[in-house]
Every structure is written in structure tokens, then in C-alpha cells.
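Written below as C-alpha cells is the structure these notes are about.
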Amino acid sequence: MDSPAIALRDLTRRFGTFTAVDHINLNVAPGQFFGFLGPNGAGKSTTIKMLTGLLAPTSGSIEILGIDFAAHPLDVKRQIGVVPESLALFGRLTASEYLRFVGRMYGLDRDITNRRTEELLDFMNLANEPKKLVTDFSHGMQKKLALAAAVIHGPKVLFLDEPFEGVDAIAAGALKTMLQRMIDRGATIFLTSHVLEIVERLCSHVAIIHQGRIVANGSLDELRAGIALAGDNANEKLTLEEIFLRVIGGSAESSQEALQELSWLA
Amino acid sequence: MAGVNSSLTADDSVLPSHAGPFSPIARQQYAALIWLQSRIFLNGIRTMRGSFELGARILTGFLFFVIAVGPAFGLGFAAWAGVTNGSPLAVAIPLWVLCGVWQVFSALVPALAGQNPDLAHLLRFPVSFSSWILLFLIYGVCTPSTLIGLFWAIGIGIGVTVARPDLFLSTAVTLALLVFFNILLSRTILAWVERWMAQRRTREIFTGIILILALVAQSFNPAFHNYGRRVHGQAAHQGAPKIPAAVWTVQAALPPGLATAALVQPMRHQGSGTLPLVGLGLYIIAIAGLLVLRLRAESRGENLSEAPRTSSPSAHKVRRAPFLDFSGPIAAVFEKDLLYLLRSGPMLYALAAPLVMVFLFGGAMRSGSFGHLRAQYALPLALVWAFLGLTRLVTNNLGGDGQGLYLYFLSPTPLRSVILGKNALHLMLFLLEAVLITGLVIFRFGLPAPSVAGATLAWILFAVPANFAIGNLLSILMPYRMNMSRMRKEPGALGNGLLSTLTQVAVLGIAVLVYLPCAAFDHPWLATPILLALAAVSTFAYLRILANVDRLLQSKQESLLLELARTA
């Protein structure tokens with residue numbers, strides 16, 4: 001068996017007395033499209049920040065492609081691409097200037113950067129407004145640009161934090177095609193999203209984090225089997241949303257009950 | 001869902017949003033803003049940095065108080081003398097000084113521009129336009145230049161009233177109108193300059209106009225200087241200076257002249273002074289109209305993008321030549337920051353302001369007693385000023401990157417390279433300013449003495465690495481978010497600004513402490529090798545800090561991202 005593309009060992013992060021991520025152990029195999037799910041405040045963003053070097057763990061280790069992140073952060077960063085929640089864009093550059101800048105920050109040759117920039121802008125449908133500053137882009141366009149920047153150096157592992165939020169259906173289709181092509185060529189993708197239908201359609205494996213701990217991990221079939229073993233719905237083909245709600249313990253009914261409390265909206 | 005809608009529209013707790021600036025909802029909004037400001041203040045001082053910021057604010061407040069009170073006495077005395085002697089000119093001069101200094105300094109000296117919040121964030125709330133204008137003006141009152149102007153106006157008012165207590169009411173009304181006019185004018189200038197600086201084409205036109213005005217002022221400077229000497233000579237013979245009739249007529253039609261007439265007419269029993277006050281009122285209405293025009297566009301959410309609204313789909317195929325034909329992260333950061341700078345009107349303005357000041361006030365340095373001495377040291381003094389324009393960039397070199405800061409931490413580029421790229425750009429800008437200023441000073445004052453030139457060069461070699469070393473530390477330890485498209489100081493800027501000013505004072509003080517004893521003992525050339533030795537020390541310190549920048553930035557990563565790259 002190949003060594004994992006992403007390996008977390010007892011990964012922990014505390015903020016004062018609050019433990020946001022609590023001794024997580026996780027392996028993601030090379031070439032997997034991996035979904036990382038959890039309710040708000042579960043520790044998703046903290047985990048992805050630690051995986052991309054934006055936040056130092058309190059304890060535990062991270063290995064990406066077999067390289068220890070703490071010992072060799074720059075070697076790891078050369079191999080990964082990231083679309084962070086904040087998008088990491090420079091608002092007062094044009095899309096083309098931004099991609100050229102990112103390419104050079106990753107050490108790409110100027111000619112290669114220029115060629116890939118044009119190809120990515122065409123692919124992402126961002127080439128029509130060459131003089132428009134990034135700050136004037138719509139949110140969806142900014143997302144596409146952030147994704148283009150994340151892949152310009154051909155990363156082997158891609159971390160995507162809510163990549164489809166605010167992206168129109170046509171662009172989302174193009175993005176999915178591109179991501180699938182990267183998977184076909186052996187890249188590993190680590191995705192967080194609240195849109196569970198997209199995760200279900202794209203990801204082969206899923207982990208669910210709740211209150212800082214991994215509460216479910218495996219392929220969709222393995223997760224369904226786990227719930228069946230627990231006793232209910234043995235014959236039912238559960239969707240990812242249903243699996244998620246059962247694992248986390250929430251339900252649509254509880255939301256309705258909460259709405260009743262908001263008297264002026266009832 | 002229908003139930004939800006009807007429930008919301010029928011809700012009596014929602015106040016109507018279309019009312020005026022003193023309606024119940026407006027008052028509630030002001031109360032909310034006051035509460036917000038107080039919470040921000042109280043939450044801010046919980047941290048060590050916030051406490052330091054408060055200390056810096058108290059200290060700078062005291063400095064501004066001193067700046068305000070001293071001249072207030074002088075202007076008050078001048079006004080008292082003018083009224084006592086019945087001289088319209090002696091009344092006009094304090095009023096012109098008040099208006100001139102108020103406007104010039106609020107526009108050209110960033111420290112006096114104040115620390116105002118961006119009111120654009122209020123646009124998402126149902127804040128009426130009239131409330132918005134009122135808030136814009138109230139925040140304008142809270143700037144140091146306005147407070148200094150108010151003190152000066154009070155000084156003038158006291159001077160006039162002591163001389164003629166019966167003129168108290170007309171003086172109070174006149175000065176109140178003049179103060180209001182100045183507040184409006186400075187806010188209008190700020191709003192329009194910000195608008196012009198936001199787009200490249202208007203920025204270029206504006207820069208051209210400023211340069212032409214500076215050249216015109218410079219060409220007038222010798223003429224005024226000669227005229228001043230002539231008047232001074234006449235005054236020695238005739239007892240009082242005289243102003244040409246044309247100049248006097250023109251100034252009489254302008255706001256300080258109208259205010260002078262409003263004070264002098266009742267003083268000389270030539271009228272009630274109502275007509276000049278009406279004229280002053282018309283100026284206020286005109287300026288207010290310009291301000292409303294600007295703010296209305298802003299309140300409607302105008303887009304100040306650099307880009308044209310339409311562009312041809314094939315335009316992206318035409319690629320511009322790169323600024324610099326070398327690759328690598330250092331050059332990438334250099335090029336990116338240069339693009340940012342060229343697109344930031346306020347930053348260009350801050351860089352150009354010292355040049356304009358040297359250009360405008362260069363003549364004043366040459367005249368008067370000790371003029372030759374001041375001319376001899378004009379070069380080092382002007383170069384110190386040149387560095388002032390760069391201070392914000394040097395001591396807060398990550399502040400303008402916003403969410404782009406994440407990229408530095410995500411990319412495999414050592415953070416040292418990022419800082420080095422920024423330092424390289426700032427060095428180039430300083431050298432450019434230094435060359436321009438040296439040219440100007442030589443043009444105005446002639447070549448400096450070789451010992452002064454040598455010591456100045458050695459001082460630059462000491463001052464540049466010293467400033468960059470401390471600037472890099474401040475950028476990491478005391479950063480603040482900079483809005484590159486707005487001409488206002490940001491929260492957190494005061495503490496950083498105070499420390500950077502102290503750095504400038506220390507760097508200049510060391511040079512003075514080295515040079516003056518050498519000059520006093522008739523060995524001014526000795527200052528050069530001593531300053532070169534200090535330059536070696538400051539260069540070593542700079543390199544040491546640069547070598548540790550990665551470690552420092554990593555240790556401060558979370559707080560930097562929180563402070564500079566936050567979205568709300």
C-alpha cells in the first residue's frame with residue numbers, strides 16, 4: 001500500500017482552555033477525493049489551517065506526501081495548492097497580474113507562468129476583463145481566480161475550503177471537470193464544503209469532525225454500513241446529508257422546533 | 001413564507017428609515033454608533049497594544065494642544081492690536097493665517113488628517129443621506145487640524161473682544177461661520193481629492209495641476225520675497241506696510257476677507273457687517289453643494305474602479321512588457337508592491353507631499369535671519385523630510401496586503417524574500433525622492449559645503465538601514481490594516497506612527513550629535529567617518545533582523561492574519 005498523501009497523528013489545537021481539534025488521526029490515500037465535513041465550529045477550518053501551515057498545532061504531527069510539515073514546511077508548500085476560506089487574493093491587482101505573481105512566488109519560470117496564466121484565465125472564463133481589478137470581481141469570479149492560483153504550480157495535493165460557494169452552475173461544472181482531471185492524474189484533493197450534495201457527488205471518501213474529534217471516516221458505503229450496524233435503516237440507501245445528520249445528531253425536525261421559538265417569524 | 005413577510009412588514013418595532021437627521025431612527029443610529037465607538041475603545045485598551053495606542057493618543061493630543069495654544073495667543077494678540085489700532089490689514093492677517101494653515105496642513109500633513117472610520121460601511125444600514133452627511137461632518141470636527149483651527153479662532157475671538165467688548169456678538173457669529181466654512185472646505189477637499197486619486201486618469205490630471213500650482217507658487221515666491229523686502233523697507237520709513245490695491249480687492253472677495261470686512265465694518269461704524277456675512281454664507285452654501293454632490297455619489301455606492309466598464313474580449317491577448325525583466329519571488333513582490341503603489345492615490349499623495357512642501361516652502365528657509373545657515377543645512381533637512389513620505393510604507397510594510405497576506409504564508413517562498421522585495425522597493429523610492437530633492441535643493445540653494453555633503457551621504461547610509469531594520473520590526477510587531485484607496489488613518493496607526501516618528505527623531509538626533517561637536521571644533525569632515533562607522537552598525541542590525549524575519553513572522557503569524565487579513 002502507498003504511503004498516505006496526508007497523514008495526521010494525534011493532531012491537537014487548543015486556544016486557551018478550549019480544544020478546537022482534539023487528537024485527530026487521519027490518513028488520506030494518494031489520488032483520493034476526500035471530503036472533510038462538520039457542523040459550524042466543529043474544528044474544520046482549524047484543521048485545514050494546520051494542514052496548510054497557517055496555524056501551528058499545539059501537539060501532534062502532519063505529514064504531506066511523507067514529508068513532515070513541521071520539519072520541512074517549504075518543501076510541503078511546494079507540493080500543495082490551497083484555496084483558503086479568505087481566498088488570499090490581492091485586491092488591487094488584475095487577475096492576470098495576480099496569477100503571474102503567484103506563479104513566481106511558487107518559483108515557476110516566467111514563461112511557464114505566463115502560459116499557464118493565459119490558459120487558466122481562458123479556462124475559468126476570466127479573460128474577458130483584463131483590466132478589472134480583483135477587488136471589483138464578483139465573489140464567484142474571485143473563487144475561480146483563487147482556484148486558478150491554487151493549481152498554477154501543478155500541486156500534488158489540493159486543499160479546498162468551500163470552493164463552490166458563490167460559483168454559478170456553469171463555472172461549478174467547469175471546476176468539477178478540472179478537479180476530476182487532477183484526480184485522474186494522481187493528485188489528492190482535500191475538500192471542505194457545507195453543500196453535501198456536491199461532496200457526495202465528487203468525493204470517494206469522507207470524514208466527519210464534531211466537537212474537535214473525528215466521528216466518522218471512510219467511503220460512503222462504509223459510512224452507510226456503519227449506520228446500518230448501529231441498528232436503524234438497514235435496508236435504506238442513505239444520502240450523505242442523512243448520514244451527516246445522524247452522525248452529528250441533528251435533524252430537520254429540531255430546526256423546525258427552534259423556529260417555533262422565534263415568535264415573530266412563526 | 002407569506003406569513004413571514006407579512007409578519008415582518010407589520011412589525012411596529014421597525015422605525016421608518018426615510019426620516020431626517022434628527023428623527024427617532026437617526027438618533028437611535030447615532031446612539032448605536034457612539035456605543036460602537038465606546039466598545040471598540042474599551043475592548044481595544046484591554047490589550048497591551050491598545051493601551052500603548054491610548055498612551056500614544058494622549059501624548060499626541062498633548063502635542064497638538066501645545067501646537068494649538070501657542071499660536072492662538074499670538075493670533076489673539078495680533079487681532080487685539082489690529083482692532084485697537086483700527087487696522088483692517090492687522091485683522092485680515094490672523095484670519096488668513098487661520099484659514100491657510102488649516103487647509104494646507106489638513107491636506108498635506110497626514111498626521112493632522114485624523115483617524116476617521118470608513119463611513120461607507122454604514123451604507124448597508126438604513127442611514128438617511130442627511131444623517132450620513134452629518135456624521136461625515138462630525139467626524140471632520142474630530143481631526144487635529146480642526147481642533148487646532150478652533151483654538152486659533154477662539155484666540156482671535158478673545159483678542160477682538162478684549163479690544164472691543166461691544167463687538168462680541170458679531171465676532172462670535174463671524175468666527176463661527178468662518179470655522180464652519182473651514183470644516184466644510186477641508187472635508188470637501190478631502191472627499192474630492194480621494195475621488196480624483198481613485199482613478200488613474202483623474203489622478204494624472206490632478207498630479208499635473210498640483211505640479212503646475214507648485215511651479216506657479218515657486219515662481220511667485222521670489223516676487224513675494226522681493227516685495228516683502230520692499231514693503232519692509234517702506235515700513236521702516238512710513239511706519240506701516242501697504243498691500244497693492246488689486247491684491248486687497250481680491251482677498252476682500254474671499255472668505256477670510258469677507259470675515260475681515262464683517263469684523264471691521266461695525267468696528268469703524270461703516271455698517272453692520274451683514275453683507276460680508278451673507279457673502280460668507282454663500283461660500284458655505286457653494287462648498288456644501290460640492291460636498292453633497294460628492295457624498296451623494298458615494299452614498300449611492302459608486303464604483304471607483306480603475307477599469308473601464310467595458311472591454312473587448314480579445315484585449316487580454318495583448319500583454320504588457322513586465323516592469324522588471326527578472327524572475328523570482330523578491331522581484332515578484334517588488335513588482336506587485338510597485339503596482340499597488342501606482343494604483344494608490346493616497347500613497348502617491350503621501351510620497352509627493354514632502355516634495356511639494358520642500359518646493360513650496362524652500363524659499364522661506366532661505367530668507368530671514370540665519371538664512372545662510374539654514375541654506376547650508378537645507379539638503380540634510382530636506383532629505384529627512386523625504387523619508388517622512390515613506391514612513392507609512394516602511395514601518396507597516398505588510399499593512400496594505402489585506403487577505404493577500406495569506407499567500408505569503410501559504411507559498412514556499414521564505415518570508416525573508418517577501419520583506420526583502422518590499423525593502424528593495426522602498427529603497428528605490430527613497431533614492432528617487434532623494435535625487436529629486438537634492439536637485440531641488442541645489443537649484444534653490446546651490447551646492448552644499450563638501451563636509452555637509454559628505455556627512456549627509458554617510459548619514460543616509462546610516463539612516464536607511466536603521467529605518468528599514470526598525471520598520472521591519474514595527475511591521476511585524478505593531479502592524480495595522482491600511483486602506484490603499486482611502487486618505488485616512490486606520491485604527492492602530494497611532495502607536496506605530498509615534499514609534500516611527502521617534503525613530504526618525506533618534507536617527508536625526510544621532511546625526512546632529514555627531515556633526516555639531518565636529519563642526520564646533522572646526523573638524524566637520526570628521527563627522528563623515530563616524531557616521532560611516534554607525535552605518536556599518538545599522539547595516540549589521542538590519543541584516544540580523546532580516547535573517548530572523550522568518551522566525552519572527554512565523555511566531556506572529558496568527559496575530560498578523562487576524563489583524564491585517566480579517567474580513568470584518
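For segment A:42-57, a decrease in accessible area of 30 Å² or greater in the assembled protein chains relative to the isolated chain, with a 1.4 Å probe, applies to A:L54. Projection of the Cα convex hull of segment A:6-265, averaged over all directions and equal to a quarter of that hull's surface, yields 16.7 nm². Less than 5 angstrom separates the built amide H of B:G400 from those of B:M482, all sequence-distant by 5 or more or on a different chain. Near B:W132, once Lys and Arg are set to +1 and Asp and Glu to -1 for all other residues with Cβ below 10 Å from its Cβ, the sum equals 0. Can you tell me the orientation of helix A:220-229 relative to chain A, as the angle in degrees between its alpha-carbon axis and the longest Cα principal axis, to the nearest 10? It works out to around 10 degrees.
Computed over segment A:6-265, relative contact order equals 24 percent, with contacts defined as Cα pairs under 8 Å that lie 6+ residues apart. With R₀ fixed at 45 Å, the C-beta to C-beta distance from B:F65 to A:D10 puts the FRET efficiency at about 0.20. Between the residues A:Q211, A:A127, A:L108, the greatest Cα displacement towards the positive end of the dipole of chain A, with unit charges on the Cβ of Lys, Arg, Asp and Glu, is found for A:L108. Distance between the modelled labels on A:E241 and B:A176, one decimal in nanometres: 6.5 nm (7 Å Cα→Cβ projection). Accessible surface buried at the B:A interface totals approximately 4100 Å², computed with a 1.4 Å probe on protein heavy atoms. Listed peptides A:167-174, B:98-105, B:142-149 appear in the order B:142-149, B:98-105, A:167-174 once ranked by packing, highest mean of other Cβ atoms within 10 Å at the front. The residues of segment B:329-564 expose on average 39 square angstrom of accessible surface per residue, using a 1.4 Å probe on protein heavy atoms.
For chain A, the share of accessible area belonging to carbon and sulfur comes to 50 percent (1.4 Å probe, ligands and nucleic acids excluded). Please give me the summed charge of the neighbours of B:V91: other residues whose Cβ is under 13 Å from its Cβ, Lys and Arg +1, Asp and Glu -1. Once all neighbours under 13 Å are counted, the net charge is +2. Peptides A:75-87, B:403-415, B:518-530, B:167-179 ranked from most to least packed, by the mean per-residue count of other Cβ atoms within 10 Å: B:403-415, A:75-87, B:167-179, B:518-530. Pairs from the table (A:K77/A:K237; A:K144/B:K336; A:K44/A:K143; A:K132/A:K176; A:K176/B:K556) lying more than 28 angstrom apart at Cα are A:K77/A:K237; A:K176/B:K556. Note that segment A:16-120 shows a convex hull volume over its alpha carbon atoms of 148 Å³ per residue. Backbone N atoms of segment A:76-99 closer than 14 Å to the 7 Å Cα→Cβ label point of A:I112 belong to residues A:78-80. Excluding B:A286 itself, calculate the net charge of residues whose Cβ lies under 15 Å from the Cβ of B:A286, where each Lys or Arg counts +1 and each Asp or Glu counts -1. Charge balance in the 15 Å sphere: +2.
Remark on segment A:104-120: accessible area falls by at least 10 square angstrom from chain-alone to full-complex state for A:R104, A:M105, A:Y106, A:R110, A:N114, A:E118, probe 1.4 angstrom. Computed over chain A, the per-residue total of -39500 (n - 2.57) for DSSP H runs of n ≥ 4 gives a 222 nm mean residue ellipticity of -12000 deg cm²/dmol, rounded to 500.
The values are calculated or read from the model by the stated rules, or taken from the named source; none is laboratory data. Since the model is a prediction, treat every value here as computed from it, not as a measurement. With ideal geometry, Cβ positions are generated from the backbone for all residues, glycine too; neighbour counts draw on all protein chains shown. Remember, those area values only see protein heavy atoms, side chains included, never the ligands or the DNA or RNA. Shrake-Rupley method; radii C 1.70, N 1.55, O 1.52, S 1.80 Å.
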